[in-house]
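The values are calculated or read from the model by the stated rules, or taken from the named source; none is laboratory data. On a predicted model such as this, the values are computed, not experimentally measured, just so you know. Here the Cβ positions follow ideal geometry from the backbone for every residue, glycine too, while neighbour counts run over all protein chains shown. Only protein heavy atoms, including side chains, enter the accessible area calculation; ligands, DNA and RNA are left aside. Shrake-Rupley method; radii C 1.70, N 1.55, O 1.52, S 1.80 Å.
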Amino acid sequence: MEDHKRMLNTSARLLRLLTLLESRKEWSGKQLAERLEISARTVRNDIARLRQLGYPVGAAPGVAGGYRLASGAAMPPLLLEDDEAVAVAVALRSSAGGGVSGIEETSVRALVKLEQVFPTRLRRRVNALQAYTVAVTPTGPTVDPHLLATIAATCRDNELIRIDYKKQDGTETTRSVEPYRIVHIGKRWYLVAWDRDRHAWRTFRVDRMQLRTPTGPHFTPRELPAEDIAAYVTRSIRSAPMKYEARVIVKAPASVIAERVPRDIAIEPIDEETCTVLARSNSVEMLALYLGMLDADFTVTDPPELVARMGMLAERYAAAAKNSA
């Protein structure tokens, strides 16, 4: 009985140790001992057991050394809670429909392997969620999944990166940045980083980036520019310079219009029945499209190019409606 209890305690401790190693790039033996409330000798013994189970735990000697879960020749078992397993499966099914370039087939293969080991209760949850969810295939710019994974790793490990970046006007520049967060808004991926060349926070579109290798060295993390990083990126997108800007008065509540237009369009309520919409773009055609999405009466005076384009579209739509009648 005592041997059985001791075995259970050891197994639970190994799971906790593995969870810690997966959560951070490197731990010292002292840190692990303190977290697990065990001796340094027991930490060394448990690391040896994990290696016997196939987990590639590396160790660096010296004061600055520590333990890290390295990349192995084969994938060891992953430790996932029920909710985490369901989230991974749903994400794989969604990504199989597109959004990140070249990931569709890989997602399907990974999903098949994952669902093979799912207990019945989890398989039912995933199937039910997927059966009653309709996904729309993304049509925006796609990004390389390897690039996303690499950038995410540099955010985690506080590693400096150099990027070749194509700006909105088509010009290219090379920047040295401290990466902090990757944000997905609408159809695009953005990197929030500290630009060492500009000495300021910047938001970069990932589909316009090319990462120079190798990464590094490490940097000391700064305080983030905002608590809500998604809202911060949205504000950054709205403040980016655009060629055309239209401010319109819409005869509909702001809450209704907010559900009909992209998140990067600013909406300000005037009263309970009207609101102001500020739409910005580098093409008047896109502005006209945004206004068409309002599905409500509106008044617009600027810019003149937009007014002219809307007149042309009105004539075209009227002729199409007449010919279709």
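Miscellaneous remarks
- Gained length - residue 258 relative to residue 60, 0.36 nm times residue gap less alpha-carbon distance: 65.9 nm
- For the stretch 170-325, the gyration tensor built on C-alpha atoms gives a prolate shape. Its axis ratio a/c (a ≥ b ≥ c) is at least 1.5, and a/b is the larger of a/b and b/c.
- Cα→Cβ-extended label distance, 7 Å offset, between residue 84 and residue 127, nm: 2.5
- From phi via Karplus (6.51, -1.76, 1.60), per-residue ³J(HN,Hα) for the stretch 306-315 in Hz, x at Gly/Pro: 5, 4, 5, 5, 5, x, 5, 5, 4, 5
- Note on residue 302 and residue 226: with the Förster distance fixed at 25 Å, the Cβ-Cβ geometry gives a FRET efficiency of about 0.20.
- Calculated FRET value between residue 40 and residue 153, using beta carbons and R₀ = 25 Å, to 0.05: 0.30
- Within the stretch 263-284: backbone nitrogen closer than 19 Å to the residue 185 label point (7 Å, Cα to C-beta): 263-269, 277-283
- Taken one residue at a time, the phi angles of the stretch 282-291 give Karplus couplings (6.51, -1.76, 1.60, θ = phi - 60°) of 8, 9, 5, 4, 5, 4, 4, 5, 4, 5 Hz. Gly and Pro are set to x.
- Largest to smallest accessible area among 295, 228, 207 [probe 1.4 Å]: 295, 228, 207
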